[in-house]
Every structure is written in structure tokens, then in C-alpha cells.
Amino acid sequence: MKRVAAEWTDIVLVCRKCAKKLKGGFGPDGDDNLIKALRAEAARDGGRAGKPKRRGTRIAVLEADCLDICPKNAAIVINARKPDVWRVVPSGADTAQVLSQLEIKT
């Protein structure tokens, strides 16, 4: 079996179904969906989903299949390092604060 080194230091999982139901409400103008807004926040200080930079914190924001919680006007977000703690992120929440609550340092 071949090993591949990941360049990510943290992984954030976002429920795809919850994020899709919110239809935006995040980012500076409130036009972005949660996944896009979290990726943008992670990229501000060096982290980037998909194509990480060589320096700084590298955070992957990945979509997960439905997690069967389905809160109203919110999405489920999980730090992969702490899979026992799931966060409910309401529409319009500050993405920097979301990453902070997940204990992910950007």
C-alpha cells in the first residue's frame, strides 16, 4: 500500500445537506454558503482547502454526507480531530468565530 502525505493540519467537516438548505447567509455580504465562507476564512491566514500553501495553517473544509441531525436554519460542523463534538452553526454566524469554537487556529 502506498502512503501519501497530506498537507493539511486540520480538517473541518460540514454537513452537505444542512449547508445546501441554508442557501447562503455567510461571508461579508451574506451571499456565500457556509462551506465557501469557511474556506475563505481559512485561506486568509495561509490555510486553503484543496491546494494548501507550504507555510502557515492549512485547513481543509470538506463536505460530508447527511449527518441526520438536520437543525432548523443551521448546519452541523465537525472538527475531525474531535469527532465527538459537533457544532450547530446558525445562518449568518461569523466564520472566524466558528473556526475558533472548533479550536482551529487560522
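The values are calculated or read from the model by the stated rules, or taken from the named source; none is laboratory data. Given the structure is predicted, the values throughout are model-derived calculations rather than measurements. Here the Cβ positions follow ideal geometry from the backbone for every residue, glycine too, while neighbour counts run over all protein chains shown.
Listed by first and then second residue, the pairs with beta-carbon distance under 7 Å, at least 6 apart or on different chains, first residue in segment 12-38 and at positive phi, second crowded, with 23+ Cβ neighbours inside 10 Å, are Gly27/Ala37. Where helices (runs of 4 or more DSSP H) fall wholly inside segment 5-106, the ranges with 1 or more residues that are out of contact with any helix residue (DSSP H, G or I) (no Cβ under 6 Å at 6 or more places or on another chain) and at pLDDT below 85 are 34-44.
Keeping to segment 78-96, report how many residues are without any contact (Cβ under 8 Å) to a residue 40 or more places away in the chain and on the phi > 0 side of the Ramachandran plot. Number of matching residues: 0. Suppose we filter Val77, Val85 for residues that are over 19 Å from Asp31 (Cβ atoms) and either of a type in the set (Asp, Glu) or surrounded by fewer than 19 Cβ atoms within 10 Å (Cβ to Cβ) (or both); which single one remains? On inspection, the qualifying residue turns out to be Val85.
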